[in-house]
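Participant: Sharing a structure below in structure tokens format, with a few things to ask.
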Amino acid sequence: MPALQNPFKSALHNKDLQVGCWLGFADAYVAELMGTAGFDWLVVDGEHAPNDLRSIRDQLAILEHSPSHAVVRLPSDEVWMIKQALDAGAQTLLVPMVETAEQAAAIVAASKYPPEGIRGMGATMARASRFGEITDYATTANDEVAVIVQVETAKGMSNLAEIAATDGIDGVFIGPADLSADMGFPGNAGAPEVVAEIERAARVIAEAGKASGILALADETARSYQSVGYAFIAVGIDVMLLAKAARALAASWTRGS
């Protein structure tokens, strides 16, 4: 029995538009709700949300029954973090702060079993193999694991062509917030200089034959990124969706009272 197919990886390779949303509550109940909303992919955020391995595992289990594909963003590119997330059942990883092709290649290696990589052999007792039920997991998982690297610094952008061309990278995600800050425009991802770099990135990534992704919280911005070639776009963050709706509701009842 082979590893489960990864439809999101296939969509990335086909450059099919995939619309996603961020999960920041670090809670399986919220993830279950978001899994009914109709997004193509949902990011279980282990970098800026209060997630640990157990909460990531619980959200992966919930989203396994959803049409929305779970993408796990790790806190860093540590080999042990990659191994544990994959063993917990993640099929698609998003790794932040990638700045060189060498770093990208190391991330790919950590995500693959030998001889293609260095991933440790231990999934027989983990969710990834359904606790040993997927008997051919170790020999088939490499083809179904998707690796997305996040480029979000000026240094990373200067090495973007080499990063995107790295074998085993399935997509490159541009981080507008950190990129704008690193370029000298903190809190202003709409600065013309930043937008120009974001648009250039889409062209560079496409030239490498890879899919490009980005986060855009305004519809107009998201559509502009789509028009220049971004193929997987996150258009919201669950925490911000609730905060905005709650504040608007409260204001509608308290204003002028």
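Participant: Do any helices (runs of 4 or more DSSP H) lying entirely in segment 138-257 carry at least 3 residues that are open to solvent by 30 Å² or more (accessible area, probe 1.4 Å) and among the small types (G, A, S), and which ones are they?
Facilitator: Correct list: 238-254.
Participant: For the subset of segment 68-84 comprising residues that are farther than 21 Å from D167 by Cβ and assigned to a helix (DSSP H, G or I), which member is least open to solvent (accessible area, probe 1.4 Å)?
Facilitator: M81
Participant: Of the residues in segment 5-33, how many are farther than 20 Å from Y225 by Cα, open to solvent by 10 Å² or more (accessible area, probe 1.4 Å) and of a type outside the set (S, T, N, Q)?
Facilitator: Looking only at that region, the number is 11.
Participant: Just checking, which of E116, E99, E133 is closer than 23 Å to A49 by Cα, open to solvent by 30 Å² or more (accessible area, probe 1.4 Å) and either in contact with a Pro (Cβ under 9 Å, 6 or more places away or on another chain) or not in a helix (DSSP H, G or I) (or both)?
Facilitator: Details: E116 fails: closer than 23 Å to A49 by Cα; E133 fails: closer than 23 Å to A49 by Cα.
Matching residue, one of E116, E99, E133: E99.
Participant: To continue, here is another question. Filter segment 40-64 down to the residues that are out of contact with any strand residue (DSSP E or B) (no Cβ under 7 Å at 6 or more places or on another chain) and in a helix (DSSP H, G or I), then identify the one that is most open to solvent (accessible area, probe 1.4 Å).
Facilitator: R54
The values are calculated or read from the model by the stated rules, or taken from the named source; none is laboratory data. Because the structure is predicted, anything quoted here is derived from the model rather than measured. In this analysis, Cβ positions are derived from the backbone assuming ideal geometry, glycine residues included, and neighbour counts consider all displayed protein chains. All accessible areas refer to the heavy atoms of the entire protein, side chains included, with ligands and DNA or RNA removed. Shrake-Rupley method; radii C 1.70, N 1.55, O 1.52, S 1.80 Å.
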